[in-house]
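Presented below is the structure to which this report refers.
The values are calculated or read from the model by the stated rules, or taken from the named source; none is laboratory data. The structure displayed is predicted, hence computed values, not measured ones. Counting neighbours? That spans all protein chains shown, and the Cβs are built from the backbone with ideal geometry, glycine included.
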Amino acid sequence: MSKSINDNVCSESIYSAIFKKYSTDLHNFLYYKFGENFNPKDKVQEAFIKLWENCSKVTPDKAKSFLFTVANNLMLNEHAHQKVVLKYQATKPKHYTNENPEFIMQGNEYMDTLQKAIENLTDAQRTAFLMNRIEGKKHKEIAEILNISTKAVEKRIYGALKILKEQVEGLK
């Protein structure tokens, strides 16, 4: 019994179609989950390289799952590496400005509080919230990307909003 050419993603046209279909969503998923510091663009490219290297083992219907899993693992590895690097490296960026120091301090405090509040969200809440609020994706689109129900997306977003409102409200 011979395999059909469509049983894997080794065909350049199938691979290209998969890249066009998933690369943006994969980048956004990584960006919202891990941030820009871990180079999500590079991880998307590495994930697609791994897909090409394993193209004979991956069917087109499993390509999305493969890509998201590989990219997520690459980011987790990068995160672990950055922890080690930061442990041994103390960097203090120099910021020079002509603005009032009190204004700068308040702005920094607000951003720190907001960032901490976003970091305190669960991964699921943070990912859904940022995909909705930053990228403007609809609940249905987020549900398709994350392979969950629309109700689950709504619950995650509204839960995130509630937590952020409680934690950031303390600044006023």
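Scan the stretch 41-63 for residues that are among the basic types (Lys, Arg), closer than 26 Å to PHE129 by Cβ and surrounded by fewer than 17 Cβ atoms within 10 Å (Cβ to Cβ) and jot them down. Step through it out loud before you land on a result.
Residues of the stretch 41-63 that are among the basic types (Lys, Arg), as a first pass: 41, 43, 50, 57, 62.
Among the residues that remain, those that are also closer than 26 Å to PHE129 by Cβ are: 41, 43.
Matches in the stretch 41-63: LYS41 only.
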Open item on the list: So in the stretch 113-172, with the set limited to residues that are in contact with a Lys or Arg (Cβ under 6 Å, 6 or more places away or on another chain) and hydroxyl-bearing (Ser, Thr, Tyr), which one is surrounded by the fewest Cβ atoms within 10 Å (Cβ to Cβ)?
Closed with: THR150
TODO: Select from the stretch 20-31 the residues that are closer than 15 Å to LYS50 by Cα and either touching a Ser or Thr at 6+ places or on another chain (Cβ under 9 Å) or surrounded by fewer than 19 Cβ atoms within 10 Å (Cβ to Cβ) (or both) and list them in ascending order.
DONE: SER23
Open item on the list: Being without any contact (Cβ under 8 Å) to a residue 40 or more places away in the chain, polar (S, T, N, Q) and over 30 Å from GLN115 (Cα atoms) is the filter here; which residues of the stretch 7-42 pass it?
Closed with: SER11, SER13, SER16
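Scan ASN108, ASN132 and give me the residue that is modelled with pLDDT of 85 or more and polar (S, T, N, Q). Show your work before the answer.
Working: ASN108 fails: modelled with pLDDT of 85 or more.
None of the other options fit; the residue is ASN132.
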- [ ] Please specify each residue of the stretch 43-87 satisfying the condition of being among the charged types (D, E, K, R) and under 23 Å from GLN115 (Cβ atoms).
- [x] LYS43, GLU78, LYS83, LYS87
Open item on the list: Can you say whether ALA47 is more than 16 Å from ASP123 (Cβ to Cβ) and touching a residue at least 40 places away in the same chain (Cβ under 8 Å), as far as the supplied structure shows?
Closed with: no
TODO: With the condition kept exactly as written, say whether any residue in the stretch 32-40 is surrounded by 15 or more Cβ atoms within 10 Å (Cβ to Cβ), touching a Ser or Thr at 6+ places or on another chain (Cβ under 9 Å) and either in a loop (DSSP other than H, G, I, E, B) or modelled with pLDDT under 90 (or both).
DONE: yes
